[in-house]
Amino acid sequence: MAFRSCSRKRHASSTPRNDSVSGAAAGESASAANAVSVPFTVLIPARYASTRLPGKPLADLAGKPMVVRVAERARSSGAADVVVATDDERIRVAATAHGIRACLTRAEHATGTDRLAEAAQTLGLRDSDIVVNVQGDEPLLDPALMRRVAMLLTERPDAAMATACHPIDAAADAFNPNVVKVVLDRRGCALYFSRATIPWARDAFAADVSSLPAGLPLYRHYGLYAYRVAFLREFPNLEPAPIEQFEALEQLRALWHGYRIAVEIAQGAPAPGIDTPDDLSRVRAWYEADDRLITR
C-alpha cells in the first residue's frame with residue numbers, strides 16, 4: 001500500500017462524531033468552488049485482497065461500493081481527473097459501472113507506490129504533473145484536504161512530495177506506535193517520521209506521561225500524499241532505506257535519499273478509515289447519521 005502510515009484513529013466511537021462528519025461534508029461542499037488553478041489527478045489504489053476484510057473496495061456503503069464512495073469524494077476536491085488503479089477486474093467493472101475511470105495494473109507490484117507509477121504511465125501523465133494518492137478505504141477523507149496537499153506541492157518546487165499532519169491532543173496517541181508521528185523543520189518539511197514518541201519532552205515525560213506538556217506540539221501523520229509524477233516514477237527504483245525497514249514506514253525512503261516532503265498542518269483529526277468489519281460498521285453509521293455524505 002502506497003506510503004501507508006497507521007496514523008488514523010481506529011477506535012472511533014460507535015456513535016458518529018458530528019463535528020468530524022460535518023467538517024468533512026463542509027469541506028466537500030466548499031471544495032468545488034475553491035478548486036486549485038493548477039490541475040492535479042487523484043489516483044486511488046485498490047486491491048481486492050485484504051487479510052482482515054476481503055473484497056474491501058467492493059463493500060457496500062450506502063448503496064455503492066466503498067471505492068466508488070471514495071472516488072466521488074475525490075471528485076469534490078477539484079481534481080482534474082479521478083482514477084481507480086486496481087489489479088482486479090471486479091473492482092474495475094464496479095468503478096466504471098458508476099461512471100468512475102479505472103485502469104488495470106499488474107498484480108505483482110511490491111507496493112502501492114509501484115502501482116501508482118504504472119497507472120501514471122498508462123494514463124500518459126507528464127513528469128511535471130501532480131498526483132494525489134487517496135487510499136481506497138478512506139470514504140470520509142475531506143476533499144478539501146486532498147486539494148490543500150496538492151496546492152502545497154505546487155507552492156513548494158523544492159519538495160518532491162507533500163503530505164499532511166495534525167496536532168496530537170491525547171497522550172495515549174503520542175505513545176501509541178500505531179500512530180505515526182512527524183517532526184517538522186522551520187520550512188514546514190518533514191525531518192523524520194516515527195512510530196516512537198517524537199519529539200521527546202525529556203524533563204516533562206520523566207515526571208509524567210499521562211498528559212502532554214505545553215510547548216512544542218506533537219504531530220500525527222496523515223496517510224495522504226501528493227507527488228510530482230517524475231518522482232513517483234523514480235521512487236520504486238530507489239534503494240530501500242534501513243530506517244524505512246526498521247520503522248516499517250515507506251516514506252522514510254524519500255528522506256533517506258535526501259528528498260524533501262512538505263507537510264500541510266490540518267487542525268482536525270482525520271475521520272476513521274476502514275480496515276476491519278467493525279470499522280465498516282462504524283463508517284456505515286456515519287453515513288446513516290449524515291445525508292450530506294451521500295453522493296446520489
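The values are calculated or read from the model by the stated rules, or taken from the named source; none is laboratory data. Here the structure is a predicted model, which is why all the values come from computation and not from measurement. No Cβ is skipped: glycine too gets one built from the backbone with ideal geometry, and neighbour counts run over all protein chains shown.
The table for this structure:
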{"item": "Matching residues, segment 47-74, being out of contact with any Phe, Trp or Tyr (no Cβ under 8 Å at 6 or more places or on another chain) and surrounded by fewer than 17 Cβ atoms within 10 Å (Cβ to Cβ)", "result": "TYR48, ALA49, SER50, THR51, ARG52, ASP60, GLY63"}
{"item": "Flag for GLU108 being acidic (Asp, Glu) and at pLDDT 95 or above", "result": "no"}
{"item": "Where a residue in segment 89-111 is of a type outside the set (Val, Ile, Thr) and its partner, wherever it lies, is in a loop (DSSP other than H, G, I, E, B), with Cβ under 6 Å and at least six apart", "result": "ALA107/ASP87"}
{"item": "Index of the failed condition, ALA150 passing every other in (1) surrounded by fewer than 23 Cβ atoms within 10 Å (Cβ to Cβ); (2) within 19 Å of the chain's Cα centre (by Cα); (3) farther than 21 Å from ALA110 by Cβ", "result": "(1)"}
{"item": "Top-ranked residue in segment 166-176 [being out of contact with any strand residue (DSSP E or B) (no Cβ under 9 Å at 6 or more places or on another chain) and in a loop (DSSP other than H, G, I, E, B); ranked as surrounded by the fewest Cβ atoms within 10 Å (Cβ to Cβ)]", "result": "ASP169"}
{"item": "The lone exception for ARG147 - which of (1) more than 24 Å from ALA269 (Cα to Cα); (2) modelled with pLDDT of 95 or more it fails", "result": "(1)"}
{"item": "Criterion violated by ASP114 - all others in (1) modelled with pLDDT of 95 or more; (2) over 15 Å from GLY136 (Cα atoms); (3) in contact with a helix residue (DSSP H, G or I) (Cβ under 7 Å, 6 or more places away or on another chain) satisfied", "result": "(1)"}
{"item": "Any hit, segment 62-69, residues being hydrophobic (A, V, I, L, M, F, W, C) and over 19 Å from the mean Cα position of the chain (by Cα)", "result": "yes"}
{"item": "Inter-residue pairs, beta-carbon under 9 Å, first at positive phi and in segment 253-272, second modelled with pLDDT of 95 or more, 6+ apart", "result": "none"}
{"item": "Any helices (runs of 4 or more DSSP H) falling wholly within segment 219-296 and containing at least 3 residues that are crowded, with 17+ Cβ neighbours inside 10 Å", "result": "229-234, 252-256, 277-289"}
{"item": "Residue satisfying all of: in segment 175-190; at pLDDT 95 or above and among the hydrophobic types (A, V, I, L, M, F, W, C); farthest from GLY258 (Cα to Cα) among these", "result": "PHE175"}
{"item": "Positions within segment 230-272 being more than 17 Å from the chain's Cα centre (by Cα) and within 21 Å of VAL42 (Cβ to Cβ), in sequence order", "result": "ALA230, PHE231, ARG233, GLU234, PHE235, PRO236"}
{"item": "Condition check for LEU141: under 19 Å from the mean Cα position of the chain (by Cα) and in a helix (DSSP H, G or I)", "result": "no"}
{"item": "Any chance THR163 is touching a Phe, Trp or Tyr at 6+ places or on another chain (Cβ under 6 Å) and assigned to a loop (DSSP other than H, G, I, E, B)", "result": "no"}
{"item": "Pairs where the first residue, in segment 190-217, is farther than 15 Å from HIS166 by Cα and the second is of a type in the set (D, E, K, R) and part of a loop (DSSP other than H, G, I, E, B), C-beta under 7 Å, 6+ apart", "result": "LEU191/ASP185"}
